[in-house]
Amino acid sequence: MPELPEMENYRRLLKPLAAGKTVLSAKITREKSVNLPAETFAGAVAYQRITAVERRAKYLLFHLESSHVLLLHLMLNGWIYYTEGEEAPERTAQVELDLETGRLFFLGLRLGFLHYLSAFETSEKLRPLGPEPMEESFNLEHFQSRLNAKSRSVLKSALTDQRVIAGIGNCYSDEICFAAGILPYRKIHTLSLDESGRLFAAMKQVLSEAVNAGGYMEVPLYAGDKLTGGYDSRCAVYDRADEPCLRCGHPIGKREIASRKTFCCTNCQQ
């Protein structure tokens with residue numbers, strides 16, 4: 001599933017490609033991927049200029065000059081492709097936006113969606129989300145208070161709870177725990193102040209490095225995109241079951257926590 005680094009990578013790359021551009025038309029091949037009848041959706045976005053591209057948690061927001069927003073969530077298997085030529089992805093896109101200078105394809109939206117919402121509806125949709133972990137205002141004290149509010153929860157579950165902290169999912173919760181040297185199935189109330197401090201520092205470091213490396217999703221945004229997916233080879237534990245730990249050489253373990261696959265080193269994480 002795309003997480004904060006993947007969506008922030010999309011935001012950074014799409015900003016110069018889409019912001020300021022006008023949507024000429026929209027094509028919807030799967031009506032369940034949008035929140036309006038296909039014809040109504042297409043009519044609503046046609047000839048609307050995209051004024052800004054922003055991110056909130058795992059959502060991407062395409063602000064339109066009408067003050068409406070195209071709110072995107074890719075869920076498990078979604079991805080985006082952009083082209084200024086005639087080439088198109090081999091897979092069928094659920095939604096396609098024809099811009100004045102290129103085409104945006106939204107693919108894999110079997111669970112994901114692109115919704116046309118008013119500013120108020122967008123605000124209400126995003127209201128339950130927790131704070132952004134990369135914001136400067138999100139400091140150690142704030143981080144500890146958010147975790148302590150879930151003191152009886154397992155660490156992995158708290159880190160991936162979007163109401164606690166926004167944007168972290170399966171991959172980066174494991175990477176953060178590994179960088180901090182803490183097992184993801186520890187209970188929050190067992191963490192010392194030193195350990196929660198290490199988690200906070202690891203969170204900032206891992207997410208920053210992942211964003212700058214283009215996240216772990218390997219499908220490029222456009223032909224010639226050399227950045228997207230650059231963090232995949234840097235993952236220390238995620239999806240590396242039975243491979244030697246990069247820190248101690250012990251085999252990486254895999255288990256499920258609340259139906260989420262979880263990877264860690266049971267030797268050097270405590």
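The values are calculated or read from the model by the stated rules, or taken from the named source; none is laboratory data. The structure presented is a predicted model; accordingly, all values stated were derived computationally and were not measured. Please note: Cβ atoms are built from the backbone with ideal geometry, for glycine as well, and neighbour counts cover all protein chains shown. What goes into the accessible areas is simple: the full protein's heavy atoms, side chains included, and nothing from ligands, DNA or RNA. Shrake-Rupley method; radii C 1.70, N 1.55, O 1.52, S 1.80 Å.
Once Lys and Arg get +1 and Asp and Glu get -1 on their Cβ, which of Ala57, Ala88, Tyr116 lies farthest toward the positive end of the dipole of the chain?
Of Ala57, Ala88, Tyr116, it is Ala57.
I'd like the orientation of helix 170-180 relative to the chain: the angle between its Cα long axis and the longest Cα principal axis, in ° from 0 to 90, rounded to 10.
40
What ranking of Glu135, Glu256, Glu8, Glu124 comes out by heavy-atom accessible area, probe 1.4 Å, highest first?
Greatest to least solvent exposure: Glu256, Glu135, Glu124, Glu8.
Taking the Cα centre of the chain as origin, sum charge times position over the Cβ atoms of Lys and Arg (+1) and Asp and Glu (-1), and report the length of that vector in debye to the nearest 20.
860
Positive end of the charge dipole of segment 1-68 (Lys, Arg +1 and Asp, Glu -1 on Cβ, about the Cα centre): tell me which of Ala46, Ser25, Pro2 has its Cα farthest that way.
Positive-most Cα among the choices belongs to Pro2.
Which shape class applies to the chain: rounded if a/c is under 1.5, otherwise prolate when a/b exceeds b/c and oblate if not, where a ≥ b ≥ c are the square roots of the Cα gyration tensor eigenvalues?
prolate
Going by a ≥ b ≥ c, the root eigenvalues of the Cα gyration tensor, does segment 1-134 fall in the rounded group (a/c under 1.5), the prolate group (a/b larger than b/c) or the oblate group?
Verdict is rounded for segment 1-134.
Cα centroid distance between segment 83-113 and segment 163-218, in Å?
Rounded to whole Å, the Cα centres lie 32 Å apart.
Rounded to the nearest 10 degrees, what's the angle between the helix 193-212 long axis and the longest principal axis of the chain, both from Cα atoms, 0 to 90?
The two axes meet at around 30 degrees.
Sort Asp98, Asp242 by heavy-atom solvent-accessible area, probe 1.4 angstrom, most to least.
Descending order: Asp242, Asp98.
Are there cysteines in the chain with no other Cys C-beta under 4.7 Å, and if so, which?
Flagged as lacking a Cys partner: Cys171, Cys177, Cys235, Cys264.
If a paramagnetic tag sat 7 Å from the Cα of Leu76 along the Cα-Cβ line, which residues of segment 105-124 would have the backbone N under 12 Å from that point?
Correct set: 109-112.
Going from most exposed to least, what order do Ser33, Ser123 have by accessible area with a 1.4 Å probe?
Solvent-accessible surface, decreasing: Ser123, Ser33.
Which value, in Å² rounded to 10, gives the accessible area of Val219 with a 1.4 Å probe and all protein chains present?
Surface open to solvent at Val219 totals about 60 Å².
Residues in segment 76-95, backbone N under 19 Å from the label point at Leu227 (7 Å along the Cα-to-beta-carbon vector): list them, ranges by number please.
Residues passing the 19 Å test: 79-84.
Can you give the helix-only mean residue ellipticity at 222 nm for the chain, where every DSSP H stretch with n ≥ 4 adds -39500 (n - 2.57) and the sum goes over all residues, rounded to the nearest 500 deg cm²/dmol?
Theoretical 222 nm ellipticity from helices: -8500 deg cm²/dmol.
Cα convex hull of segment 135-270: how many Å³ per residue?
Taking the convex hull of the Cα positions in segment 135-270, it is 113 Å³ per residue.
Please list the non-local residues whose amide H lies under 5 Å from the amide H of Ala52, H modeled 1.01 Å from N, same-chain partners needing a gap of 5 or more.
Gly20, His63
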